[in-house]
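Read the structure below first, then the notes.
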Amino acid sequence: MTSVVACRVCGQVQRVGELPPGAAGECCRCGARLQASVAPRSPRATAALSLAALILYVPANALPILVMDMHGAHSESTIWEGCRDLFQDGQWLVAAIVFLASLLIPLLKLIGLFFLVVTTERRSTSWQFERARIFRIISAVGSWAMLDVFLMSVLVALVKLEQLATIRPGPALPAFAGVVTLTILACARFDPALIWPRRD
Ligand SMILES: [Zn+2]
C-alpha cells in the first residue's frame, strides 16, 4: 500500500510505499526524513498512559494536597476541601480556578483521551471533525495544567509571608504531578492521523 506524503522541509509531495517497522523514508528531493505517518501508531500507548493517569487521579483527590500547621493546630485538606474553604472565604475566583485546573479539566482531558482511543480503535468514521478538535483542545490545554501548581506556590508564599502557618505539600501532590505528566505523555503519544483511517 502506498501513501502520499509531503516533505516537511522542502514540500515535495511524493508516494511512499509500505515500510517495515522501524524504518523511515527519505525525501526523494532533499533527503530529509519523512514523517513516519505512513504507518499510523496504535492508540494503545495513549490508552495505557491515560489509564495510569486515571488511577492516580483517585489518590490525587482523596489524599491531602496541603498539610497546614497554624498556631499548633494541624489541618490537612484535599483539593476539593481547599476549593470549598477558598469559596467560603469569599475567594470565589481563586476557588473557581483551582476547581477547574485541578479537578475538572484533568478529568475532562482523560475522558476526551479515552473517547479518542475507543473511537480510533473501532476505526470509527463518526464525528471526525469533532474528534480532531478535541485532540487540538487537549494538546493546547496541556500547558495550562501547571497553572494551579503555580497558584498554590503563590498562596504558600503569601501565607509564609504573614508567618501565620507552615504549609507543606501533602501526599496528593506527587500523585497530582503524575496525573498531569501522564496525561501530557498520553496526548503526545496519540497520532491524530488515526482519526482519519484509510479505507483499504
Ligand atoms: Zn524534501
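Inter-label distance, L107 to I137: 1.6 nm, where each label sits 7 Å from its Cα along the C-beta direction. When peptides 181-188, 56-63 are ranked by their average number of other Cβ atoms within 10 Å per residue, the highest-first order is 181-188, 56-63.
Every number in this text was worked out from the coordinates using simple rules, so none of it is lab data. These numbers were taken from a predicted model, which means no experiment stands behind them. Methodologically, a virtual Cβ is constructed for each residue, glycine included, from the backbone with ideal geometry; neighbour enumeration extends over all protein chains shown.
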